[in-house]
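To keep things clear, I will list the structure first and then write my remarks on it.
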Amino acid sequence: MDKNSYQTNISGWGGYPIQEAKVLYPKNIKEILEEIKKSDLIARGNGRAYGDSSINKKNTINMKYFNHIISFDESSGILEVEAGILLEDIVNTFLPKGWFPYVTPGSKFVTIGGLIAADVHGKNHHKDGSFGNFVEWFELINSKGEIIKCSRNENKDMFEWTIGGMGLTGIIIRAAIKLRPIETCWIKQKTLIANNIDQTLEIFDKNMDATYSVAWLNSTNSRNNIGQSLIMLGEHAKINDLNQKNILNPLKLKSKKNRNIPFYFPNWFLNKKLIKLFNFLYYFLGKNSSKEKIVYWDDYFYPLDSIMGWNKIYGREGFVQYQCVIPLEKSKEGLIELLNEIDKSKVSSFLSVLKRFGKQNSKFSFPMEGYTIALDFPINKETLKLLDKLDEITLKYKGRFYLAKDARMKKEIFKKSDKRIEDYINFRNQNDCDKNFISSQSSRLEL
């Protein structure tokens, strides 16, 4: 085996499923082109998709060494980078200069290639849409081994199907993205309290002008207070919003000491009673804390990133994150039924997040206008039974599923969930992508 490749066990961030795969670490484009001639493959960034979307047992191409900044235009905010660079490196480099990504997911330990492939969304989809809206162009290695430039004006179909296409159209090697100008590295956060689902949705509706909005949801409550939540609104703070200490250097990065979870928790740790207690305490403390405050950017956007290895709390068996979106007109009924089904089950979600989506952006992007809920469950037989039921409920309300979070969905469910799937499969077939770019997920779902 090549010295740059290894046979090893890998998984997504959820730790499920674990699969043995050959992983190659190419150091230049020539090495990638050689692999495309040999066998089917899939590109992999930092492995932060939750399931098996960036695993190919025969050939997983890790883009670790494609991690350079190429250029930045201060007049337009357009940044050109290699696809394997981490969002963390971009933020650390450009935030002190007054620039920040327009869209960011809940972790900064993700690559630009992964952000495009999953067309990630953040806390501002209702206002700004998903990451693809701020991609100017990218260069991609296609199934013929050609490097092609894709944009809204050049190779448009490939551009649109690649955004949200989960790496199944080719390997992104470079991209140009647009950053937003900011005055400070602080966020004005306002916490609003909702006692039930009606209040939660009403608060979202009344705050559509907020740049950022996200709700922590107490998924362990039932009956009258189902959908109880804390909604955090956010705006980029202006210089005049800061106190005397921070106003002198409003873009200064703080040195932070991250906590580390050094070992896997026992599988029984996150039981239903403990999760219910955690949810009660989190809501109680949030309800009685300061409602408006200035918070550091890292604490607002990436609270879990400060706990290295937080996925270990779910135990060695791993966990699944379940994320679906329910159309706006069906959101309330769908969310209530999902939460009631969880309450009836023998497992609970440790972390439950609700966001409002705006309109769909690209051809195969996950978001559509409505509400999306993300739920974390330790992996076990009861969880898998519950998720099958949640799948059926999501289909009942015409919802769809986020492939970047999926680790176990059945192909029959997936194909019922989205009318665009057939068009995507046809595009892959017509461009021979189906012969070269295959993941464990795409094989499982017959995508």
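Could you look at the stretch 51-118 and say what percent of its accessible area is carbon and sulfur, using a 1.4 Å probe and all protein chains? The partial results should precede the final answer.
Numbers: 1100 of 2230 Å².
Here carbon and sulfur together make up 49 percent of the probe-accessible area.
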Cβ-based net charge around Leu270, under 14 Å, with every Lys or Arg adding one and every Asp or Glu removing one: +3
Surface/4 of the Cα convex hull for the stretch 327-447, nm²: 7.7
Taking the Cα atoms of the stretch 396-447 alone, what are Rg (to one decimal) and Dmax (as a whole number) in Å? 11.4, 35
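Any of Lys206/Lys416; Lys127/Lys416; Lys344/Lys410; Lys108/Lys190 with alpha carbons more than 25 Å apart? Name them for me. Write out the running numbers ahead of the final one.
Details: Lys206/Lys416 33 Å; Lys127/Lys416 29 Å; Lys344/Lys410 23 Å; Lys108/Lys190 22 Å.
Listed pairs above 25 Å: Lys206/Lys416; Lys127/Lys416.
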Ile29 neighbourhood, Cβ < 12 Å, K/R = +1, D/E = -1, net charge -3
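Classify the stretch 38-93 as rounded, prolate or oblate, taking a ≥ b ≥ c as the square roots of the eigenvalues of its Cα gyration tensor: rounded when a/c is under 1.5, otherwise prolate if a/b is larger than b/c and oblate if not.
Working: a/c = 3.28, a/b = 2.22, b/c = 1.48.
Prolate, because a/c is 1.5 or more and a/b exceeds b/c.
Scan the stretch 369-447 for GluC sites (Glu not before Pro) in coil per DSSP, keeping those whose Cβ has at most 14 other Cβ atoms within 10 Å, and list them by number.
Values: sites: Glu369, Glu382, Glu392, Glu412, Glu422, Glu446; in loops: Glu369, Glu446.
Hits after loop and neighbour filter: Glu446.
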Going through the cross-link list Lys276/Lys415; Lys276/Lys332; Lys57/Lys359; Lys149/Lys254, which pairs have a Cα-Cα distance over 31 Å in this structure? Lys276/Lys415; Lys57/Lys359; Lys149/Lys254
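With the other protein chains left in place, how much accessible area per residue, in square angstrom, belongs to the stretch 1-104 at a 1.4 angstrom probe? Don't skip to the end; give the middle numbers.
Details: 4590 Å² over 104 residues.
About 44 Å² of surface per residue is accessible.
Quantify, in whole percent, the carbon and sulfur part of the accessible surface of the stretch 343-447 (1.4 Å probe; protein heavy atoms only).
Details: 2180 of 4410 Å².
For the stretch 343-447, the apolar C and S fraction of the accessible surface comes to 49 percent.
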List, largest first, the extents of the alpha carbons of the stretch 274-388 along their principal axes, each in whole Å. 39, 35, 27
Whole-Å semi-axes of the stretch 1-92's equivalent ellipsoid (Cα gyration tensor): 27, 17, 10
Among Asn59, Asn271, Asn240, whose mean-square fluctuation peaks in a Gaussian network model of the chain (Cα, cutoff 10 Å)? Asn240
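Determine one quarter of the surface area of the Cα convex hull of the stretch 59-143, which equals its mean projected area, and express it in nm² to one decimal. Show your work: numbers first, answer last.
Numbers: hull surface 25.4 nm².
Projected area, direction-averaged: 6.4 nm².
Taking all protein chains as present, what is the carbon and sulfur share of the accessible area of the stretch 195-342, in % to the nearest whole number, probe 1.4 Å? Each step should come with its number before you reach the end.
Values: 4310 of 7960 Å².
C and S atoms contribute 54 percent here.
Relative contact order for the stretch 328-447: what is it in percent, counting Cα pairs under 8 Å that are at least 6 residues apart? Can you show the working numbers first?
Details: 106 pairs, mean separation 27.2, N = 120.
23 percent.
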Each label sits 7 Å from Cα toward the beta-carbon; between Asn92 and Asn224 the label points are separated, in nm, by 5.1
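Pull out the extension gain between Ile313 and Asn153, defined as 0.36 nm times the separation in residues minus the alpha carbon to alpha carbon distance; nm, one decimal.
On the way: separation 160, 0.36 × 160 = 57.60 nm, distance 4.62 nm.
Stretched fully, the Ile313-Asn153 segment lengthens by 53.0 nm.
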Relative contact order, percent, the chain [alpha-carbon distance under 8 Å, six or more residues apart]: 18
Using the Kirkwood radius over C-alpha pairs as Rh, can you work out the diffusion coefficient of the stretch 211-308 via Stokes-Einstein at 10 °C, viscosity 1.306 mPa s, in µm² per second? 96
Shape of the stretch 121-245 from its Cα gyration tensor (a ≥ b ≥ c, root eigenvalues): rounded if a/c is under 1.5, otherwise prolate when a/b > b/c, or oblate? oblate
Evaluate the Debye formula for the stretch 199-242 with equal point scatterers sitting on the alpha carbons, no solvent, and hand back log10 of I(q)/I(0) at q = 0.17 Å⁻¹, in q order, two decimals. -0.56
Amide H of Phe357: which non-local residues (sequence gap of 5 or more, or other chain) have their own amide H closer than 5 Å, using H built in the peptide plane? Gly370, Tyr371, Thr372
With every protein chain left in place, what is the accessible area per residue of the stretch 105-213 in square angstrom, probe 1.4 Å? 33
On alpha carbon coordinates alone, what is the Rg over Rh value for the chain, Rh being the Kirkwood radius? 0.95
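Using just the helices of the chain, give the 222 nm mean residue ellipticity in deg cm²/dmol: DSSP H runs with n ≥ 4 each add -39,500 (n - 2.57), and the total is spread over all residues, rounded to 500.
Working: 15 runs with 127 residues, N = 447.
-8000 deg cm²/dmol, from helical runs alone.
Can you tell me the length gained on complete extension of the stretch Gln430 to Glu392, counting 0.36 nm per residue apart and subtracting the Cα distance? Numbers along the way, then the final one.
Working: separation 38, 0.36 × 38 = 13.68 nm, distance 3.18 nm.
Working it through step by step, the gained length comes to 10.5 nm.
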In straight Cα distance, which aspartates and glutamates are under 13 Å from Lys27, not counting same-chain residues fewer than 8 positions off? Asp2, Glu35, Glu82
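So how much slack lies between Asn258 and Tyr296, counting 0.36 nm per residue of separation and subtracting their Cα-Cα distance, in nm?
Details: separation 38, 0.36 × 38 = 13.68 nm, distance 1.46 nm.
That pair, Asn258 and Tyr296, stretches by 12.2 nm at full extension.
The values are calculated or read from the model by the stated rules, or taken from the named source; none is laboratory data. These numbers come from a predicted model, not from an experiment. FYI the Cβ positions are ideal-geometry reconstructions off the backbone, even for glycines, and counts take in every protein chain you see. Just the protein is used for accessible areas: all its heavy atoms, side chains included, with ligands, DNA and RNA removed. Shrake-Rupley method; radii C 1.70, N 1.55, O 1.52, S 1.80 Å.
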